[in-house]
Amino acid sequence: MLRINKIEIQGFRAFGKNRQALTFSSPIAAVWAPNSQGKTSLAEAFEFLLTGQIVRRQLMASTQDEFADALRNAHMPAAMPVYVEVQITGVDDVPHKIKRTLVSDYAKRQDCQSTLQIDENPATEDDLPALGIVLSQPPLAAPVLAQHTLGYLFSARPKDRATYFKTILEVTDLDQLRSAVAALDAEIEPADDPNWTKLLAAAEIDEARRFLTPLKTAVPGIDDLAAAIGNAICAMLNATGADVPETETERLAGLEALLLERRAKTFPVGGFERKPLADWAAPPQADWDKLDTYLAERGKVDEETRRLAALFSEALSIPAVDRATQAIDCLLCGTEGSLTPERIAYIRAQTKETENFQAAEKAALETLRRLATKAQALDTAVIAACPRFLATASKDRRKDGFRMERIRSLLGAEAAAVVGPWLEALRKLARAKTAVTVRVNNLAADIAGYVYTPDSLDDPRTMKGQFEDAARTYADFAAVLTHYAEVEQALLELLTALIDAASDTAGWQDLIDLARDPDGLRTTLIERHARTAVQNELSRALGQIDKGNETVLEGKFTDLSHGIQHWWDLLRPGEPTFFSAVKPREGARRTVDLKAGLSLHADRSAPKLRDVIAVFSHSQLHCLGLALFIARSLHEGTGFLILDDPILSSDEDYRAYFKAAVLEGLIDAGVQVIILTQDQKSWKDLEHRYLHKNIDMFQMALLDPADGTTVTNTGDDLIAMLTRIDILARGGHPDLRKQAGELLRNAAERFCKEILVKDRWAKADTNAALSDYDGRNLGQLSPPVEPLLTSDPSHPGKLRSIGSQLNPAKHDDGIPDQGTLKVALGDLRFLKKQYLPA
Amino acid sequence: MKKQTLPTMQAAAPQSNFERLIAHLRDGSLAAKLVSAYAAPGELTPAQAVSKVMADRLDELKSSYVENQQD
């Protein structure tokens, strides 16, 4: 169980340079201070320790500047630190020290700065719950109740009240859950899918509607899906009066042809058709090697021989020449007998010499023809990649209806945005195409020349260079084509839709596309419908969660209301106007109302409900504020409360209930209570009433502003102790006698300490203090004191007797009887009078 | 005055908000699964946990279309 054992304050507000400490040994403490003696400073010291702020400044938003330099005592020496420190026993039953030191005071429009330490280690407010210290929702975060905090919730706007209550009822986790679940809708939302878009468009076709519309809400089997599409196409063909072919494939082809025909009547959009640009690779190195080989072989054979080599080969291929064994007539000039076997042998020898050359020449010619084809392929590719209309002569385009005026007319107002960029891109495309064509034509012409006159080929590298130039020009064309394609697509999307609308073929292309890929459509439908179904399920789940959250919140409000009612009834029992409930307003969940009940009956039945602000008196509102504060604190598990004059001085009636029922209830609930009051009568009454709890009693006084407020533990005074013991000893209950016995031992210890200090002072030891003997019990203190009790030989014995008689009081089964208590008390009073006169 | 009592601060740990909420939801419902996943996400973040519940439900529905086709 959390307990504050001690608080020490230096330099904070009314507390000056002499640090003041309050030590708590009881679950209840009462501090009396007349007005302006530092009572509020003590309350605010607890606030500052726990939160680093004081609530008054936060609540008085309009006057925050006036709190400048409010925390540091005005007479504190500059070098001395300002701090508040507590020693506690945490919920872990381990002692801890918590200290907050002021770094800089409030300034105009500036918060104060401070450091927090737990057990001498830097810490933050987030580290306090581990010790059992629970802070609530700001601005009333610390468990300190003062006059200015009592009325906060009544003066707050209903919406602020809602946030405040929702937070103290700790339902923000439900709000976060709700947000996380609601956010799932965006994740599940079906994404845009081209197939879905096509289905929606196709389902708008009159003849297709009844077959395709069911697909928008259900997922059919693949066969049923294909049948739906097929039926749609069939119906469309029937509607046009066209013949309906036998097979699905033919029907689809028929629809496509019909579409093209209808579109063409509106506009020959086919003019935009083009093929993808073909890949093109440069000629392999082997081709250039062949040409190099040809040149090398050509160099080995003279020109005349080369020139005649072919002729000789031809001649030898004639069997009569090849088999001639005697002179025959020359086949060329007809000279009789001129072609002798010797000459034939010569021809044969010459031909053999040029074999390599001929092979190389043949290979070179084949290569050149191949290169020509390759070069031509560039031109073929760019022409195919350009829109068809570009290759069509102007007059033929116009005859087909492919006119710029028609395009602009169809596009209407949107023409300007798309036509201009398209024409610009088209011009660039045409120029790039021409550049390729020119290079190809030049290259082709050169190659043709080499083929015709191989001897004209001097250096294949030149041709290789031309091919490289052509390749670069081709690459440039590809880049221009890419840009053109983007611009053209924008134009075509718009134009096609308009053409379809104008030709009454809207949705036809979409249906044709879907018919080509029914599996793709089914996949789309599965995805879409599953997501839509899950979205609906999520929506229902969210509604259930909302309802559940509302029920949980209502339950928590009810619990809190019961708590407030409990404390209200302890404070103001039997009143016909009473606190009824705190709850969210019907129909406005962000608003929280505090309701009062007005009943004609003692049992409070059939109450009329009104807002507390409207019907409660100032006193009732004050008590409600107190009840609410206590209920909130218990709900949050606060281990201690500091109450600064919680009952109005004008409310004598309710002060009695507070001192009796409320405080007793808090103590029974395990809460440590520290009450500050300026009413001495109440303070004394608390001492009497809670003597059995060994209530800690303190008095505060601001005697010298230079020193600041001082705090005296009046319960610690020997006379006060003896007075208490007297009261307890008179009580017949064994618990009271046991307590009296314990207090009497403490009083005897106190007596011994005072005697020893007095003796040391008499011996000029001016540093002697009661605290020098802290932790020593009567058995240890009595022996050195006995020799000092010299007035009469019986006096040491009286002291020894107190110790021996009261030792049993420490044990459960040893409760001193009244006689023993009275004798021991009388002895101690006597010794006190003798040796420690006032 | 008759003494009234309230539970002390030493009372048993109260039901969490999520436990209270689940008590108002039908067993096995999507709402209950979402809250349970959010409250005890394991190695995932709460947002990831509820996302997984929906992703699993989505896969379940999509599979049912495929199974229907195969039947």
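The values are calculated or read from the model by the stated rules, or taken from the named source; none is laboratory data. Since this is a predicted model, take the numbers as computed values, not measurements. Positions of Cβ are generated from backbone atoms using ideal geometry, with glycine treated the same way; all protein chains shown enter the neighbour counts.
Observations on the structure shown:
- Of the helices (runs of 4 or more DSSP H) lying entirely inside the stretch A:103-218, those carrying at least 1 residues that are among the charged types (D, E, K, R) are A:158-168, A:172-182, A:184-188, A:194-202, A:206-212.
- Taking the stretch A:531-563 as the range and being within 19 Å of B:Lys62 (Cα to Cα), free of Cβ contacts under 8 Å to residues at least 60 places away in the same chain and either buried (at least 22 other Cβ atoms within 10 Å of the Cβ) or at the interface with chain B (Cβ under 8 Å from one of its Cβ atoms) (or both) as the test, the residues that pass are A:Ala533, A:Glu537.
- Unmet requirement for A:Asp69, which otherwise passes all of (1) touching a strand residue (DSSP E or B) at 6+ places or on another chain (Cβ under 6 Å); (2) on the phi > 0 side of the Ramachandran plot: (1)
- Residue in the stretch A:252-268 that is in a helix (DSSP H, G or I) and among the aromatic types (Phe, Trp, Tyr) present: no
- Test: A:Leu728 is buried (at least 21 other Cβ atoms within 10 Å of the Cβ), within 30 Å of A:Leu686 (Cα to Cα), at pLDDT below 85 and not basic (Lys, Arg): yes
- Residue count for the stretch A:4-27, restricted to those that are crowded, with 21+ Cβ neighbours inside 10 Å and either over 29 Å from A:Ala68 (Cβ atoms) or within 14 Å of another protein chain (Cβ to nearest Cβ) (or both): 3
- Pair list, Cβ < 6 Å and 6+ apart or interchain, from the stretch B:28-39 residues that are more than 8 Å from chain A (Cβ to nearest Cβ) and touching a residue at least 12 places away in the same chain (Cβ under 8 Å) to residues that are among the β-branched types (Val, Ile, Thr) and in a helix (DSSP H, G or I): B:Lys33/B:Val53; B:Ala37/B:Val50; B:Ala37/B:Val53
Residue-by-condition table, conditions (1) among the hydroxyl-bearing types (Ser, Thr, Tyr); (2) touching a residue at least 12 places away in the same chain (Cβ under 8 Å); (3) under 26 Å from A:Asp546 (Cα atoms):
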position	(1), (2), (3)
A:Gln565	no, yes, no
A:Pro573	no, yes, no
A:Phe579	no, yes, no
A:Lys583	no, yes, yes
A:Ser599	yes, yes, no
A:Val615	no, yes, no
A:Cys623	no, yes, no
A:Ala631	no, yes, no
A:His635	no, yes, yes
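- Search result, residues across the stretch A:188-217 that are surrounded by fewer than 15 Cβ atoms within 10 Å (Cβ to Cβ) and over 29 Å from A:Ala501 (Cβ atoms): A:Glu189
- Residues that are at pLDDT 90 or above and either in contact with a Leu (Cβ under 6 Å, 6 or more places away or on another chain) or aliphatic (A, V, I, L, M) (or both) within the stretch A:666-688 comprise A:Leu666, A:Ile667, A:Ala669, A:Val671, A:Val673, A:Ile674, A:Ile675, A:Leu676, listed in sequence order.
- Annotation note: of A:Leu691, A:Leu703, the sole residue that is on the phi < 0 side of the Ramachandran plot, at pLDDT below 85 and either hydroxyl-bearing (Ser, Thr, Tyr) or surrounded by 20 or more Cβ atoms within 10 Å (Cβ to Cβ) (or both) is A:Leu691.
- Residues of the stretch A:392-434 satisfying the condition of being exposed (fewer than 14 other Cβ atoms within 10 Å of the Cβ), charged (D, E, K, R) and under 30 Å from A:Thr473 (Cβ atoms): A:Lys395, A:Asp396, A:Glu424, A:Arg427, A:Arg431
- Residue within the stretch A:17-26 that is under 40 Å from the mean Cα position of the chain (by Cα) and aliphatic (A, V, I, L, M) present: no
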